[in-house]
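Novice: Take a look at the following structure, please.
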Amino acid sequence: MGELSEFGRLILLGAPLGNPADASGRLREVLAAADVVAAEDTRRLTRLARDLDVTVGGRIVSYFEGNEERRTPELVEILREGYVVALVTDGGMPSVSDPGYRLVRGALDAGVPVTAAPGPSAVTTALALSGLPSDRFCFEGFLPRTPGARRSRVRALAAEERTLVLFEAPHRIAGALADLAAGFGADRPAALCRELTKTYEEVVRRPLGELAAWAAEHEPRGEITLVVAGAPPAAAQRPDDETLRAAVAEREAAGLSRRDAITEVATEYGLRRRDVYTTVHA
């Protein structure tokens with residue numbers, strides 16, 4: 001490793017989503033100069049460095065979901081010793097639904113400076129391409145994997161007025177879109193962004209109901225970012241009676257008493273408990 005400095009430094013690198021030409025000059029500089037490069041996939045890092053004609057000067061270590069809890073203390077100790085550590089994921093910014101949060105938190109708790117060489121982001125790229133309002137938006141990451149938990153989360157988001165950005169796996173996208181169409185309404189505008197910046201980039205802009213049918217038929221592959229329009233103000237006021245009854249029934253099926261289920265649903269939707277009670281018992 002290189003010469004010690006008084007304080008180490010952690011540098012988060014924004015990696016290209018797919019097209020190496022999107023890499024910044026600063027990313028190149030940091031890859032060449034860092035004492036340690038922690039990579040989500042060391043093979044992808046090697047391929048990226050080759051595409052960029054950059055020689056990684058420091059030691060390369062793996063840092064991914066399966067080992068980040070164990071490796072974080074090791075990297076923090078290296079930072080405390082005064083070395084520069086660069087963190088790079090397969091694409092986009094570390095910590096955004098990718099490894100990185102633990103290391104950032106560990107470095108900050110140790111008094112180590114943290115900075116970034118900003119770069120591409122699937123979130124903002126998809127948002128800009130979607131054609132949907134982008135002045136106010138929220139990033140929801142991945143929806144829950146199991147259908148029941150996913151539908152519950154969709155109901156909780158139904159009244160969100162800001163544009164939503166989500167990630168989803170190809171084998172779950174059809175089911176997720178079907179649940180979103182049922183929970184938000186089939187007419188809610190959306191855009192499915194696939195393989196951004198890559199050879200087979202595709203953006204499909206349709207209402208949720210049509211998009212769900214399209215995904216079921218075409219089975220889209222690759223990395224998917226989904227952008228969904230926010231709820232119109234009128235829809236944000238109160239879900240329909242059927243939605244409220246279903247939400248209470250689901251919580252009862254999960255083991256809650258009817259009283260607790262009604263209280264939880266009223267809290268979730270910002271309603272009076274009495275109104276939910278009346279709807280359930282109508």
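The values are calculated or read from the model by the stated rules, or taken from the named source; none is laboratory data. Keep in mind the model is a prediction, meaning the values are calculated, not measured. We place every Cβ from the backbone using ideal geometry, glycine too, and count neighbours over all the protein chains shown. Calculation scope for accessible area: heavy atoms of the full protein, side chains included, ligands and nucleic acids excluded. Shrake-Rupley method; radii C 1.70, N 1.55, O 1.52, S 1.80 Å.
Novice: Can you name every one of the helices (runs of 4 or more DSSP H) wholly within the range 9-106 that holds 1 or more residues which are within 17 Å of GLY119 (Cα to Cα) and acidic (Asp, Glu)?
Specialist: By residue number, 25-33, 42-52.
Novice: Please verify whether ARG274 is at pLDDT 90 or above, outside any loop (DSSP other than H, G, I, E, B) and farther than 15 Å from ARG155 by Cβ, treating the condition exactly as stated.
Specialist: Details: at pLDDT 90 or above: no; outside any loop (DSSP other than H, G, I, E, B): yes; farther than 15 Å from ARG155 by Cβ: yes.
Criteria not met by ARG274.
Novice: Going through the range 3-31 one residue at a time, which ones are open to solvent by 40 Å² or more (accessible area, probe 1.4 Å), of a type in the set (S, T, N, Q) and closer than 15 Å to GLY91 by Cα?
Specialist: The answer is ASN19, and nothing else.
Novice: I want to confirm something. Restricting to the range 63-91 and keeping residues that are open to solvent by less than 30 Å² (accessible area, probe 1.4 Å) and touching a Pro at 6+ places or on another chain (Cβ under 8 Å), which single residue is farthest from ARG102 (Cα to Cα)?
Specialist: GLY91
Novice: Out of the range 212-253, which residues are assigned to a helix (DSSP H, G or I), modelled with pLDDT of 95 or more and closer than 20 Å to LEU132 by Cα?
Specialist: Within the range 212-253, ALA212, TRP214, ALA215 meet the criteria.
Novice: Restricting to the range 205-250, name every residue that is crowded, with 21+ Cβ neighbours inside 10 Å and of a type in the set (A, V, I, L, M).
Specialist: LEU208, LEU211, ALA212, ALA215, ILE224, LEU226, VAL227, VAL228, ALA229, LEU244, ALA247, VAL248
Novice: With the checklist (1) under 25 Å from GLU223 (Cβ atoms); (2) surrounded by 14 or more Cβ atoms within 10 Å (Cβ to Cβ); (3) within 25 Å of the chain's Cα centre (by Cα) in hand, flag the one item ILE60 doesn't pass.
Specialist: (3)
Novice: Further question on the same structure: Look through the range 32-57, keep the residues that are open to solvent by less than 30 Å² (accessible area, probe 1.4 Å) and of a type in the set (Gly, Ala, Ser), and return whichever of them is farthest from LEU103 (Cα to Cα).
Specialist: ALA49
Novice: Being in contact (Cβ under 8 Å) with a residue 12 or more places away in the chain, hydroxyl-bearing (Ser, Thr, Tyr) and either surrounded by fewer than 17 Cβ atoms within 10 Å (Cβ to Cβ) or not in a helix (DSSP H, G or I) (or both) narrows it down to one residue among THR279, THR197; which is it?
Specialist: Just a single option satisfies the conditions, and that option is THR197.
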